[in-house]
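Worksheet for the structure shown next.
The values are calculated or read from the model by the stated rules, or taken from the named source; none is laboratory data. Note that the structure is a prediction, hence the values are computed from the model and not measured. With ideal geometry, Cβ positions are generated from the backbone for all residues, glycine too; neighbour counts draw on all protein chains shown. Just the protein is used for accessible areas: all its heavy atoms, side chains included, with ligands, DNA and RNA removed. Shrake-Rupley method; radii C 1.70, N 1.55, O 1.52, S 1.80 Å.
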Amino acid sequence: MRTLDGRRAADAVETAAAEAVEVAVRPSGDVPWSEELQGRTVVVKCGGSTLVDAALRQSFAQDVVELWHAGLHPVVVHGGGPQISAMLDRLALEVRFEAGMRVTTPEAMDVVRMVLTGQVQRDLVGAINAHGPFAVGMSGEDAHTLTAQRRPAWVDGRPVDIGLVGDIVTVAPETVRNLVTGGRIPVVSPVARGTDGQVYNVNADLAASALAVALGADRLVMLTDVPGLAADWPRSTEVIPRLNAAELAALLPGLAGGMLPKMEGCLRAVRSGVGRVHVLDGRTPHAVLRGVLTEENPGTTVVPDDAPDDGEAPA
């Protein structure tokens with residue numbers, strides 16, 4: 001039996017814990033509070049400069065935590081292309097891309113797994129957790145969250161072998177959803193177990209899109225190393241501020257390089273129930289906060305075909 005002092009001490013601990021939770025869920029003073037956004041899931045894909053540049057990584061981590069404070073449920077999917085290429089170079093293994101995808105040999109797949117889950121993810125989890133015990137890292141392999149099959153690819157109308165690159169065929173979002181329900185921020189590496197038992201390298205943009213759809217996300221944010229989708233690249237760098245799914249589908253065959261899978265992911269998302277997709281310049285500090293909470297973003301927004309013309313999200 002506990003003594004009176006023991007019960008008082010226990011009650012004090014419980015009260016302090018409750019107060020700590022109450023403080024934790026309040027948004028910080030600089031973040032706009034919107035009842036409309038409460039409880040909404042937003043999937044954020046980051047890669048490129050956001051992960052390489054330490055200052056941008058810290059800015060991104062702060063944005064993700066601020067989304068959590070503002071009452072949203074952020075889920076992060078990360079790439080790691082530059083880090084993978086650097087490690088392949090160090091190991092004297094070939095770095096090659098076809099149809100906007102990394103050609104992934106079995107040797108390269110070992111490097112992809114090692115770098116994504118052992119280096120990039122740990123750095124990103126650490127950056128987020130510098131603000132509190134929020135982030136939990138996981139791979140698409142965990143609990144069969146992502147299941148893939150080998151992805152075909154074509155260049156100039158001919159098939160090309162891109163190796164162990166997968167396209168997601170099923171998503172089991174329960175583990176991610178349980179982490180979100182528990183107040184955590186999942187940080188997911190885009191590696192998936194295949195239907196054939198093989199492990200596949202999955203493009204992070206397509207992984208983020210598939211996860212956003214499975215989670216019923218309200219928004220998907222794609223951070224990239226360009227200002228947005230250019231209307232007539234490379235002849236023009238003018239960015240398209242907003243377009244619907246049909247307009248994007250018409251442009252898709254003319255896209256190349258890394259923008260092709262990115263915009264393919266955007267199209268899949270808005271055609272499968274995601275409210276809108278923001279393609280933002282990840283080289284700009286706090287691009288995520290501006291894009292999601294204030295919508296003052298200079299990038300490209302992709303909306304469903306039935307979205308109102310004024311850019312408001314469908315009800």
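Brief remarks on what is shown
- The stretch between GLU107 and THR294, if pulled fully straight at 0.36 nm per residue, gains 62.9 nm over its current Cα-Cα span.
- Calculated FRET efficiency for the pair SER272/ARG158, C-beta based, R₀ 35 Å, to 0.05: 0.75
- Inter-label distance, nm, simple model (7 Å from Cα along the C-beta direction), VAL169/ALA92: 3.8 nm
- Per-q log10 I(q)/I(0), the range 110-216, q = 0.09, 0.23 Å⁻¹ (Debye; single scatterer per alpha-carbon; no solvent): -0.25, -1.26
- Here the relative contact order of the range 54-169, from alpha carbon pairs under 8 Å that lie six or more residues apart, stands at 28 percent.
- Residue-normalised accessible area of the range 160-279, expressed per residue, 1.4 Å probe, Å²: 38 Å²
- Full-extension gain in nm, ASP225 to ALA54, via 0.36 nm per residue minus C-alpha separation: 60.0 nm
- For the range 176-315, alpha-carbon Rg and Dmax in angstrom: 15.4, 48
- Alpha-carbon centroid distance for the pair the range 231-265 / the range 70-118, whole angstrom: 23 Å
- Cβ-derived FRET efficiency at R0 30 Å, THR181 paired with ARG283, nearest 0.05: 0.35
- Model label sites at ARG235 and SER85, defined 7 Å from Cα along the beta-carbon direction, differ in position by 2.7 nm.
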